Each structure stands twice: as C-alpha cells, then as structure tokens.
C-alpha cells in the first residue's frame, strides 16, 4: 500500500531539487545574467519525458480509485488532473523555448522566464495539494485490495535521472545536481 505513495513522495522530493535548480537559472535570467540553458532544457526535457509519462499517470490511478470511494474528493481530483495537463503543456513550452535559445533562434528571454516561473509555481502548488491533502486521504481511505489493483496497473519503468542508472542524456544534469545540491535530499540509489 504505502510503497507507491512513498515512491511518489520521494519523486516529489527529487522534483523539488530540480525546481530549485530551475529557479536558480530563472533568477539569473531575470537579473540579466546568462543562465545555463542546457541545464534548463535538461530539466524541462526530463519533466516532460518521465514525470508526465509515468509519475502523473500513476497518481491518476490513485485519484480515480479515491474519487470512487470518496466523492468529496472529486473537485480536488479534477483540479489535479487538469494541472497534470497544464504541467505537460507548460513543460513542453519551456523545453521548446529553451531549445530555441540553445539553437540561436530568436526567442524572447521574457517568454523563457515566464514559462519557467509558470512551471515552477504550478508544480509547487500541485505537489503541495497532493502531499497535503490527497495522499494522506488515499493512505487512510484505500484498502489493500485497491492498492493491489492500482499496483497491477502501473508501469514499472526506471527513472532515467534518479534511478539505479543515470541515462546518458541526463548525465550532465545529474552531475549538476550533485555539485549544487545537498545529496541527502535526493531519493535514489546514488546516495
């Protein structure tokens, strides 16, 4: 039961580290300094490639079961599901804008900054609602049979950044995380 919630919670802690790094780069951009566009791209690319594809669908399985058992959760579940779509759209917009800047396209820096801030703010709000309300309610409401049904329907995919093996495309990002983060905050097998 709690294993999936613990995994999702640990994912959120890892995403918080990425949001802090992204915020640092956005702060540089806001001050007129040159941000690390490659780092920004890698963060946005990871977020649209892994959390949007695996983490959020796993949460939505929990949300669906919780909503069926406790209709009072319907409004929050609907909001969280909508935010998953917004996060995917905002993450793609950020990734594409940063990719344009990396490839010397004429991209307004304000657009990159606005996309970064929107993504950061939305994901913090979203994770806080999940951690503060929905996850505790799921933990107290769902029984072992519901958790087993959810677990039977999830995809077991290794996290390409925080899993046992860091995929090559995220090696530089992971190196930046290690250099710029208190590694005790990370939840993975590289501790």
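Helix 171-180 and the longest principal axis of the Cα set of the chain meet at an angle near 90°. Take each peptide in 84-92, 153-161, count the other Cβ atoms within 10 Å of every residue, and average; sorted highest first, the result is 84-92, 153-161. Once the C-beta distance of residue 105 and residue 24 is scaled by a Förster radius of 25 Å, the resulting FRET efficiency is 0.60 to the nearest 0.05. Between segment 76-109 and segment 24-47, the alpha-carbon centres lie 13 Å apart.
Can you tell me how segment 64-191 classifies by the Cα gyration tensor, rounded, prolate or oblate, using a/c under 1.5 as the rounded cut? It comes out oblate by the Cα gyration axes. With neighbours defined as other Cβ atoms within 10 Å of a residue's Cβ, the residues 5, 18, 69, 94 order from fewest to most as 69, 5, 18, 94. Ranked for footprinting exposure by Cβ neighbours inside 10 Å, fewest first, 106, 150 give 106, 150. When peptides 41-47, 115-121 are ranked by their average number of other Cβ atoms within 10 Å per residue, the highest-first order is 41-47, 115-121.
Potential lengthening of the chain between residue 144 and residue 164 amounts to 4.4 nm, from the contour at 0.36 nm per residue minus the alpha-carbon distance. Among 16, 93, 75, which one moves the most in a GNM of the chain with springs linking Cα atoms closer than 10 Å? Taking springs between Cα atoms under 10 Å, the residue moving most is 75. Per-residue ellipticity at 222 nm from helix content only, as computed over the chain with -39500 (n - 2.57) for each DSSP H run of at least four residues, stands at -23500 deg cm²/dmol.
In degrees from 0 to 90, rounded to the nearest 10, what is the angle of the helix 37-49 Cα long axis to the longest principal axis of the chain? That works out to roughly 20 degrees.
Between the Cα long axis of helix 74-102 and the first principal axis of the chain there is an angle of about 20°, rounded to the nearest 10. With a/c under 1.5 counting as rounded, go ahead and sort segment 11-68 into rounded, prolate or oblate using the C-alpha gyration tensor (a ≥ b ≥ c being the square roots of the eigenvalues; past the cut-off, prolate if a/b is larger than b/c, else oblate). Cα axes put segment 11-68 in the prolate bin.
Read-outs throughout are calculated quantities, based only on the coordinates presented, and are distinct from any laboratory measurement. Remember, it's a predicted structure, so these values are computed and weren't measured experimentally. Quick reminder, even Gly has a Cβ in these numbers, built from the backbone with ideal geometry, and neighbours come from all protein chains shown.
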